[in-house]
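The values are calculated or read from the model by the stated rules, or taken from the named source; none is laboratory data. This is a predicted model, so every value here is computed, not measured. Here the Cβ is made from the backbone with ideal geometry for all residues, glycine too, and neighbour counts use every protein chain on show.
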Amino acid sequence: MPRIAALLEARDDIACAYLFGSRARGTATAASDWDIALLTTGATPEERAAIILAVRGELIALGSVDVADLDAAPPLLAARVMREGRVVFCRDTARRRAFELGVPRRYEEYLHLHRIQMQYLRQEYGNGT
């Protein structure tokens with residue numbers, strides 16, 4: 001992991017990086033990929049996508065790598081990163097704090113909408129019996 005931290009810290013377009021998944025949980029095998037989630041300095045989706053793509057290219061020498069943009073991450077992924085992730089490095093603690101404080105709200109909104117959707121589906125199609 002020090003190599004990943006060094007590669008990411010060398011980029012000034014990354015505000016914060018998390019390692020999550022099996023490598024963060026300590027359950028990785030030799031075949032496990034590297035799951036990295038980033039808060040970037042990119043203001044637009046296009047800028048963030050370019051940063052994510054460049055980081056993937058730099059980290060590919062480590063093996064299979066998945067790099068997620070936390071600004072565009074679905075609520076379930078963001079919650080997973082918060083639950084099991086480890087901070088690789090962070091140069092913008094205010095940005096990190098804002099993201100981490102926003103995750104529970106986004107997750108609760110998702111759960112609320114999911115409950116409504118499931119209620120509608122049960123009413124529309126029955127409960128499967």
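A few notes on this one:
- Residues within segment 47-63 that are closer than 9 Å to residue 34 by Cβ and either at pLDDT below 90 or among the basic types (Lys, Arg) (or both), tallied: 2
- Test for residue 37: is it surrounded by 14 or more Cβ atoms within 10 Å (Cβ to Cβ), without any contact (Cβ under 8 Å) to a residue 40 or more places away in the chain and not polar (S, T, N, Q): no
- Screening the candidates 70, 39 for the property of being within 30 Å of residue 112 (Cα to Cα), of a type outside the set (Val, Ile, Thr), touching a Lys or Arg at 6+ places or on another chain (Cβ under 7 Å) and modelled with pLDDT of 90 or more yields one hit, 39.
- Checking each residue in segment 22-81 for being of a type in the set (Lys, Arg) and in contact with a strand residue (DSSP E or B) (Cβ under 8 Å, 6 or more places away or on another chain) picks out 23, 48, 56, 80.
- Scanning segment 1-44 for residues that are closer than 23 Å to residue 97 by Cβ and of a type in the set (Val, Ile, Thr) yields 4, 14, 36, 40, 41, 44.
- Residue within segment 72-80 that is touching a Phe, Trp or Tyr at 6+ places or on another chain (Cβ under 6 Å) and either under 16 Å from residue 35 (Cα atoms) or not hydroxyl-bearing (Ser, Thr, Tyr) (or both) present: yes
- Residue within segment 56-75 that is touching a residue at least 60 places away in the same chain (Cβ under 8 Å), over 22 Å from residue 44 (Cα atoms) and not acidic (Asp, Glu) present: no
- Segment 15-30: number of residues that are out of contact with any Cys (no Cβ under 9 Å at 6 or more places or on another chain), of a type in the set (A, V, I, L, M) and touching a residue at least 12 places away in the same chain (Cβ under 8 Å): 2
- Residue that is more than 23 Å from residue 100 (Cα to Cα) and surrounded by fewer than 20 Cβ atoms within 10 Å (Cβ to Cβ), where the choices are 73, 61: 61
- In segment 97-118, the residues that are within 27 Å of residue 15 (Cβ to Cβ) form Cβ pairs under 9 Å with partners that are assigned to a helix (DSSP H, G or I) and among the β-branched types (Val, Ile, Thr), at six or more places apart or across chains, as follows: 103/81.
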